[in-house]
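**Student:** Here it is, the structure in full.
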Amino acid sequence: MSILSIQSAVAYGHVGNSAAVFALQRIGTEVWPVYTVNFSNHTGYGQWRGPVMPATDVAEVITGVEERGAFEEVQAVLSGYQGGSDIGGVILDAVRRVKAANPDAIYACDPVMGNAKSGCFVHPDIPVLLRDRVVPQADLITPNQFELGYLTDTDPHTIADTLASVDTARAMGPSSVLVTSVQRPDAPADTVEMLAVVGDEAWIAQTPLLPLKANGSGDVTAALFTAHLLSTGDAKESLERTISSVFDLLRVTHESGRRELQLVQAQEFLAHPRRQFSAVPA
């Protein structure tokens, strides 16, 4: 399996492609990363160095990969944070060309916009870009619960609310939706859930909520779920593998006392998920 991953990269830490690539490789997936930024560290520190890649440079790299005849092998295009409409346009053009070379390929989009605690932290143009141009072209999207509401102009809280919001999102284009960071009033305190809706199936799994903010965990989640769904075709199994690996990655990170994801230290949990959390019908 080969994935073309068009995302940010950092020298220090693990976000964007600097999180997704290792996670994908560790589960046996070939991944070809294309960088949209090349920063010293993620922007959560408030200070960073390095360039935003011009859209023309990103397009050139993608064209170079295409010229190697590689697009026929690509089974998924994966994208994360989109810094502007120019990069969004390059990604959508790459999706079109990959699907022309391999009609079975999918586009998996993590529509990064914000979260429930911080609100929307991207440029005001980005939600419009995602809603009007990007999501309609995606086959799989992996928003958190806040982003799902933002995309669909809804306010999901209960499972029924969230499923209704997923239906609205699917009506926009994507056939599959993974919702992360799901928190609902009737769930036990200090828990968090993931909800996967694929075809006519809807599954939900729950883990303890760990007391940390881990930049890059969403990038790992989107990458793992995309690869597992492609390799197994099974929504329940893909959800259980993904939520197990991500929980153990966060647990190892929390236990380390460090701010950055301990991706290398937790790699065995990526390669061999314990599947300690069972998904149930939503």
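**Student:** I'm trying to understand the selection: among the residues of the range 118-150, which are more than 22 Å from ASP167 (Cβ to Cβ) and outside any helix (DSSP H, G or I)?
**Tutor:** SER118, GLY119, CYS120, PHE121, VAL122, HIS123, PRO124
**Student:** Within the range 79-117, count every residue that is among the β-branched types (Val, Ile, Thr) and not in a helix (DSSP H, G or I).
**Tutor:** Of the residues in that region, 2 qualify.
**Student:** Only one residue in ALA235, ALA189 is surrounded by fewer than 16 Cβ atoms within 10 Å (Cβ to Cβ), of a type in the set (A, V, I, L, M) and either touching a strand residue (DSSP E or B) at 6+ places or on another chain (Cβ under 9 Å) or at pLDDT below 95 (or both). Which one?
**Tutor:** The match here is ALA189.
**Student:** Go over the candidates ARG259, ARG251 one by one and state the one that is touching a Ser or Thr at 6+ places or on another chain (Cβ under 9 Å) and among the basic types (Lys, Arg).
**Tutor:** On inspection, the qualifying residue turns out to be ARG259.
**Student:** Scan (1) in contact (Cβ under 8 Å) with a residue 60 or more places away in the chain; (2) surrounded by fewer than 16 Cβ atoms within 10 Å (Cβ to Cβ) for the single condition GLY64 breaks and write down its number.
**Tutor:** All conditions pass for GLY64, except number (1).
**Student:** Looking at (1) in contact with an Asp or Glu (Cβ under 9 Å, 6 or more places away or on another chain); (2) part of a strand (DSSP E or B), which is the one condition that is false for THR253?
**Tutor:** Unmet for THR253, out of (1) in contact with an Asp or Glu (Cβ under 9 Å, 6 or more places away or on another chain); (2) part of a strand (DSSP E or B): (2).
**Student:** Step by step: first the residues of the range 134-166, then only those that are surrounded by 22 or more Cβ atoms within 10 Å (Cβ to Cβ) and of a type in the set (Gly, Ala, Ser), then the one that is farthest from ALA76 (Cα to Cα). Which residue is that?
**Tutor:** SER165
**Student:** In the range 24-58, which residue that is aromatic (Phe, Trp, Tyr) and touching a helix residue (DSSP H, G or I) at 6+ places or on another chain (Cβ under 9 Å) is surrounded by the fewest Cβ atoms within 10 Å (Cβ to Cβ)?
**Tutor:** Looking at the filtered set, the residue picked out is TRP32.
**Student:** So which residues in the range 158-200 are within 15 Å of VAL280 (Cβ to Cβ) and either of a type in the set (S, T, N, Q) or touching a residue at least 60 places away in the same chain (Cβ under 8 Å) (or both), if there are any at all?
**Tutor:** Within the range 158-200, ILE159, THR162, LEU163, THR191, LEU195, ALA196, VAL197 qualify.
**Student:** State all residues of the range 1-46 that are farther than 23 Å from GLU73 by Cβ, of a type in the set (Gly, Ala, Ser), out of contact with any Ser or Thr (no Cβ under 6 Å at 6 or more places or on another chain) and assigned to a loop (DSSP other than H, G, I, E, B); if no residue qualifies, say none.
**Tutor:** Correct list: GLY13, SER40, GLY46.
**Student:** Taking the range 199-245, which residues are among the polar types (S, T, N, Q), in a helix (DSSP H, G or I) and under 19 Å from LEU148 (Cβ atoms)?
**Tutor:** SER217, THR221, THR226, SER238, THR242, listed by residue number.
**Student:** Can I ask one more? Any residue at all in the range 34-49 that's under 29 Å from PHE146 (Cβ atoms), in contact with a Leu (Cβ under 9 Å, 6 or more places away or on another chain) and not polar (S, T, N, Q)?
**Tutor:** yes
**Student:** Which condition breaks for ASP248 when tested against (1) under 16 Å from the mean Cα position of the chain (by Cα); (2) assigned to a helix (DSSP H, G or I); (3) of a type in the set (Asp, Glu)?
**Tutor:** It is condition (1) that ASP248 fails.
**Student:** What about THR63, is it modelled with pLDDT of 95 or more, more than 18 Å from the chain's Cα centre (by Cα), outside any helix (DSSP H, G or I) and polar (S, T, N, Q)?
**Tutor:** no
**Student:** Which of the residues that make up the range 169-198 are in a helix (DSSP H, G or I) and more than 19 Å from the chain's Cα centre (by Cα)?
**Tutor:** Within the range 169-198, just ALA171 meets the criteria.
**Student:** Moving to a separate point now. Mind checking which pairs have a first residue in the range 114-142 that is closer than 10 Å to GLY88 by Cβ and a second that is hydroxyl-bearing (Ser, Thr, Tyr) and surrounded by fewer than 22 Cβ atoms within 10 Å (Cβ to Cβ), Cβ under 7 Å, 6 or more apart or different chains?
**Tutor:** From the range 114-142, the pairs are ASP125/SER85; LEU129/SER85.
**Student:** Further question: Please tell me if LEU261 is assigned to a loop (DSSP other than H, G, I, E, B), touching a residue at least 40 places away in the same chain (Cβ under 8 Å), surrounded by 19 or more Cβ atoms within 10 Å (Cβ to Cβ) and of a type in the set (A, V, I, L, M).
**Tutor:** yes
The values are calculated or read from the model by the stated rules, or taken from the named source; none is laboratory data. Since this is a predicted model, take the numbers as computed values, not measurements. We place every Cβ from the backbone using ideal geometry, glycine too, and count neighbours over all the protein chains shown.
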